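The values are calculated or read from the model by the stated rules, or taken from the named source; none is laboratory data. Since the structure is predicted, the reported quantities are computational estimates derived from the model, not experimental observations. Reconstructed Cβ throughout: ideal geometry from the backbone, glycine too, with neighbour counts over all protein chains shown. Keep in mind that these areas ignore ligands, DNA and RNA; they rest on the heavy atoms of the full protein, side chains included. Shrake-Rupley method; radii C 1.70, N 1.55, O 1.52, S 1.80 Å.
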Amino acid sequence: MELVTILGSTGSIGVSTLDVLAREPDCFRVFALTANTGVADMLQQVIAVRPRFAVMRCEQSAEQLRQALADNQVDETEVLAGERSLCEVAAAREVDVVMAAIVGGAGLEPTLAAVNAGKKVLLANKEALVMAGQLFMDAVEEANAVLLPIDSEHNAIFQCLDDGSRRDLPSQGVKRILLTGSGGPFRETPAEELVHVTPDQACAHPNWSMGRKISVDSATMMNKGLELIEACWLFDTPASNIDVVVHPQSIIHSMVEYIDGSVLAQLGNPDMRTPIAHALAWPERMPSGVGSLDIIAQGRLDFEAPDENRFPCLRLAREAVERGGTSAILLNAANEVAVAAFLAGELAFPAIAEVIESVMNSVAVVEPNSLDAVKLADREARAAAVAEVKRRQAENT
Ligand code: NAD
Ligand code: MG
């Protein structure tokens, strides 16, 4: 029996994780669930799985949840609040597995707490790795944590590599990684129309159902940019060995090419329960609830090169890798601010990339050799991005 903490349980990945866990009740039990402010969703989850702890980000939401649980005569779950509690339920001695599924930089510290405690960490929260890269991977090594990728592409790459040597790619004959992406909802939208697209259009992903932030990232292709950086860290590979391939059907989830010309791919229906079940059961397998891939009904698989002129975020992510230091932190922080502004109707879609580029060119890059340095660069970049969004708003009124 393994005890599981889900960081970000009310989100898209969190809900899928609970769905998979419920398929093997004899193997997994939920220790803690956590959420930002969604009290109603958390109430339903706590009633269903009766965890030892439920953590809300703020005390006010926690108090509402306590009241609601009392009203429903649920008394086996203790409700906690705040970031410290998020870290505590991630690192608690009893916990075996932590699903890191908070969105954005807010997930960094709880995810690192799980890593430092040597847990089996299922990483959906790509922003944490993009921000803390070297520190994060050093902590995995030092604490002997088991880091398993949930991002479908990285999970696919992981599955296409040899067991046991996933961080020494040249020695296992790997030539390059082909990171696939759907191209998002605007793959065929002409550049001049992108200025008019709305948040709801950006969040209507053709193949995947996801939270709003990652949906916008998919529409700008920043998601692929963040995933490029994520893959560099996870597989200890230079960005020059990773090619992005647009594959609109999202059936192949990524590929690995070997020096003998073999190309291995992992395929499946686009449903996050597959990588979640893979990582939960690894090195074994378990059912996920995902239906069989009907390759005949699918009929064809298409591939094309990404268009970095219409989707400059991909270029910016490569530049962040080349510049090194805190560049990826600046990229990620500015992106979070710009995406939130776009979702709030304060910024046009093409301006997301412009805000990021302006922050990357204005905030000084240093070597992030401590968590404090990471957090400082993150704060500086967010402040610069907020100022840039305001400047643009003032210009447009
Ligand atoms: P989501 O917005 O649906 O859910 C986010 C979760 O994090 C919620 O439970 C929310 O309450 C919690 N949260 C948000 N802000 C918080 C804060 N400040 N403090 C504490 N908790 C907070 O997001 P999602 O789509 O489930 O994505 C989660 C992560 O997984 C992201 O990093 C995303 O890039 C990654 N990911 C998601 C998918 C997908 O299919 N949804 C696929 C691959 C990777
Ligand atoms: Mg992905």
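Could you list, in sequence order, the residues of the stretch 135-193 that are touching a residue at least 12 places away in the same chain (Cβ under 8 Å), on the phi > 0 side of the Ramachandran plot and open to solvent by 20 Å² or more (accessible area, probe 1.4 Å)?
Matches in the stretch 135-193: ASN144 only.
Quickly run through the stretch 78-101 and pick out the residues that are within 16 Å of ligand 2 (Cβ to nearest atom) and either open to solvent by 10 Å² or more (accessible area, probe 1.4 Å) or assigned by TED's automatic domain parsing to the domain that holds ALA277 (or both).
Our first condition is that a residue be within 16 Å of ligand 2 (Cβ to nearest atom); within the stretch 78-101, this holds for 99-101.
Listed by number, the list holds a single entry, ALA101.
For the stretch 13-31, check the following and say yes or no: at least one residue is within 30 Å of ARG285 (Cα to Cα), small (Gly, Ala, Ser), within 10 Å of ligand 1 (Cβ to nearest atom) and at pLDDT 95 or above. Give the derivation first.
Initial filter on the stretch 13-31 (within 30 Å of ARG285 (Cα to Cα)): 13-31.
Narrowing the set further to residues that are small (Gly, Ala, Ser) leaves 14, 16, 22.
This time we only want the ones that are within 10 Å of ligand 1 (Cβ to nearest atom), so: 14, 16.
From what's left, at pLDDT 95 or above: 14, 16.
For the stretch 13-31, residues within 30 Å of ARG285 (Cα to Cα), small (Gly, Ala, Ser), within 10 Å of ligand 1 (Cβ to nearest atom) and at pLDDT 95 or above: present.
Hey, among the residues in the stretch 116-152 that are within 22 Å of LEU330 (Cβ to Cβ) and of a type outside the set (A, V, I, L, M, F, W, C), which one's nearest to ligand 2 (Cβ to nearest atom)? Step through it out loud before you land on a result.
Here is the first cut: in the stretch 116-152, the residues within 22 Å of LEU330 (Cβ to Cβ) are 123, 125-139, 151.
From the residues that got through so far, the ones that are of a type outside the set (A, V, I, L, M, F, W, C) too are 125-127, 133-134, 138, 151.
Details: ASN125: 12, LYS126: 8, GLU127: 12, GLY133: 18, GLN134: 22, ASP138: 24, ASP151: 4 Å.
Looking at the filtered set, the residue picked out is ASP151.
LEU228 - would you say it is of a type in the set (A, V, I, L, M, F, W, C), in contact (Cβ under 8 Å) with a residue 12 or more places away in the chain, touching a strand residue (DSSP E or B) at 6+ places or on another chain (Cβ under 9 Å) and open to solvent by 10 Å² or more (accessible area, probe 1.4 Å)? If you could, list the steps in order and put the result at the bottom.
On the way: of a type in the set (A, V, I, L, M, F, W, C): yes; in contact (Cβ under 8 Å) with a residue 12 or more places away in the chain: yes; touching a strand residue (DSSP E or B) at 6+ places or on another chain (Cβ under 9 Å): yes; open to solvent by 10 Å² or more (accessible area, probe 1.4 Å): no.
When the stated conditions are applied, LEU228 does not pass them.
Within the stretch 105-121, does at least one residue satisfy the condition of being open to solvent by less than 10 Å² (accessible area, probe 1.4 Å), away from ligand 1 (no atom under 13 Å from the Cβ) and touching a residue at least 40 places away in the same chain (Cβ under 8 Å)?
yes
Is the stretch 179-197 home to any residue that is within 16 Å of ligand 1 (Cβ to nearest atom) and part of a helix (DSSP H, G or I)?
Looking for residues that are within 16 Å of ligand 1 (Cβ to nearest atom) and part of a helix (DSSP H, G or I), one finds none in the stretch 179-197, hence no.
In the list ALA340, ALA344, which residue meets the criterion of being of a type in the set (A, V, I, L, M) and surrounded by fewer than 17 Cβ atoms within 10 Å (Cβ to Cβ)? Steps first, answer last, please.
Values: ALA340 fails: surrounded by fewer than 17 Cβ atoms within 10 Å (Cβ to Cβ).
Result of the check over ALA340, ALA344: ALA344.
Consider LEU65 against the criteria (1) farther than 21 Å from GLY107 by Cα; (2) in contact (Cβ under 8 Å) with a residue 60 or more places away in the chain; (3) crowded, with 21+ Cβ neighbours inside 10 Å: it satisfies all of them except one. Which criterion is unmet?
Among (1) farther than 21 Å from GLY107 by Cα; (2) in contact (Cβ under 8 Å) with a residue 60 or more places away in the chain; (3) crowded, with 21+ Cβ neighbours inside 10 Å, the lone unmet condition for LEU65 is (2).
Yes or no: CYS58 open to solvent by 10 Å² or more (accessible area, probe 1.4 Å), at pLDDT below 95 and within 14 Å of ligand 1 (Cβ to nearest atom)?
Details: open to solvent by 10 Å² or more (accessible area, probe 1.4 Å): yes; at pLDDT below 95: yes; within 14 Å of ligand 1 (Cβ to nearest atom): yes.
Yes; evaluated as a whole, the condition is true for this residue.
Condition (residue is in a helix (DSSP H, G or I) and either open to solvent by less than 80 Å² (accessible area, probe 1.4 Å) or not assigned by TED's automatic domain parsing to the domain that holds MET42 (or both)) applied to the stretch 69-77: is it met by at least one residue? Quick ask: steps written out before the conclusion?
Looking only at the stretch 69-77, we keep the residues that are in a helix (DSSP H, G or I), and these are 69-71.
Those still in the list that are either open to solvent by less than 80 Å² (accessible area, probe 1.4 Å) or not assigned by TED's automatic domain parsing to the domain that holds MET42 (or both) too: 69-70.
Within the stretch 69-77, one or more residues are in a helix (DSSP H, G or I) and either open to solvent by less than 80 Å² (accessible area, probe 1.4 Å) or not assigned by TED's automatic domain parsing to the domain that holds MET42 (or both).
Please find, within the stretch 2-55, the residue that is farthest from ligand 2 (Cβ to nearest atom) out of those that are in contact with a strand residue (DSSP E or B) (Cβ under 6 Å, 6 or more places away or on another chain) and open to solvent by 30 Å² or more (accessible area, probe 1.4 Å).
Restricting to residues being in contact with a strand residue (DSSP E or B) (Cβ under 6 Å, 6 or more places away or on another chain) and open to solvent by 30 Å² or more (accessible area, probe 1.4 Å), the top hit is ARG52.
Contact list please: Cβ distance under 7 Å, first residue in the stretch 6-19 and part of a helix (DSSP H, G or I), second residue among the aliphatic types (A, V, I, L, M) and within 8 Å of ligand 1 (Cβ to nearest atom), pairs at least six apart or on different chains.
SER12/MET210; ILE13/ALA101; ILE13/ALA124; ILE13/ILE150; ILE13/MET272; GLY14/ALA101; SER16/MET272; THR17/ALA101
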